[in-house]
Amino acid sequence: MKRTPAGDAFTDVVTTGLLLGGVLEQAGDTLTAPDGQSGARWKVLGIVSKREMTVAEIARFLKLSRQGVQKVADLLTKEGLTAYLDNPSDRRAKLLALTNRGREILSAIQTRQRRWANHMGEKFEVGKLAEIKAAIQKLIAVLSDSD
């Protein structure tokens with residue numbers, strides 16, 4: 001079966017999205033490297049800075065494997081940036097929480113990210129970025145509905 005023009009266009013969007021994902025991962029690794037962290041660790045630190053969550057909850061939120069998130073969470077805990085706490089809802093599933101040291105590291109990363117975002121944002125019109133965001137959100141919604 002041959003792809004339709006719409007199918008070709010969609011494939012181009014997916015391929016470009018995969019490339020964008022790789023570029024953003026590299027940028028995240030660059031922003032976090034001065035603190036000895038990675039983009040993957042930054043994601044977890046950022047999520048648990050808002051509220052304590054189980055590894056499974058974090059994995060579902062990020063749409064990542066539980067095992068991958070567990071590995072990152074264990075490394076962050078070993079470094080003293082996060083800690084496992086008792087979960088009143090489930091004795092078997094501990095909650096991951098940010099420590100004071102984790103907050104310091106996250107704050108430093110966020111400061112660099114704000115500087116980077118301001119610099120990158122200046123390369124676009126704000127309205128154009130809003131259009132891109134809306135298109136990406138629609139793509140996410142369509143892909144999520146196709147599961």
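Figures for the structure shown
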{"item": "Where a residue in region 84-111 is in contact (Cβ under 8 Å) with a residue 60 or more places away in the chain and its partner, wherever it lies, is aliphatic (A, V, I, L, M) and assigned to a loop (DSSP other than H, G, I, E, B), with Cβ under 9 Å and at least six apart", "result": "Ile105/Leu81; Leu106/Leu81"}
{"item": "Residues of region 10-29 that turn out to be of a type in the set (Gly, Ala, Ser) and either touching a strand residue (DSSP E or B) at 6+ places or on another chain (Cβ under 7 Å) or exposed (fewer than 11 other Cβ atoms within 10 Å of the Cβ) (or both), as a count", "result": "2"}
{"item": "Qualifying residues in region 33-48 (those that are touching a residue at least 12 places away in the same chain (Cβ under 8 Å) and aliphatic (A, V, I, L, M)) - the one surrounded by the fewest Cβ atoms within 10 Å (Cβ to Cβ)", "result": "Ile47"}
{"item": "Checklist (1) within 16 Å of Gly39 (Cα to Cα); (2) modelled with pLDDT under 95; (3) polar (S, T, N, Q) applied to Ser146, failing item", "result": "(1)"}
{"item": "Residue within region 127-143 that is in a helix (DSSP H, G or I) and within 19 Å of Arg51 (Cβ to Cβ) present", "result": "no"}
{"item": "Among the candidates Arg101, Arg51, Arg115, residue that is basic (Lys, Arg), surrounded by fewer than 12 Cβ atoms within 10 Å (Cβ to Cβ) and more than 16 Å from the chain's Cα centre (by Cα)", "result": "Arg115"}
{"item": "Pairs where the first residue, in region 10-30, is without any contact (Cβ under 8 Å) to a residue 24 or more places away in the chain and of a type in the set (D, E, K, R) and the second is surrounded by 10 or more Cβ atoms within 10 Å (Cβ to Cβ) and part of a helix (DSSP H, G or I), C-beta under 6 Å, 6+ apart", "result": "Glu25/Gly39; Asp29/Gly39"}
{"item": "Residue match in region 85-96 (condition: farther than 30 Å from Val14 by Cα, surrounded by 12 or more Cβ atoms within 10 Å (Cβ to Cβ) and touching a Gly at 6+ places or on another chain (Cβ under 8 Å))", "result": "no"}
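The values are calculated or read from the model by the stated rules, or taken from the named source; none is laboratory data. As the structure is a computational prediction, the values presented were derived from the model and not from experiment. FYI the Cβ positions are ideal-geometry reconstructions off the backbone, even for glycines, and counts take in every protein chain you see.
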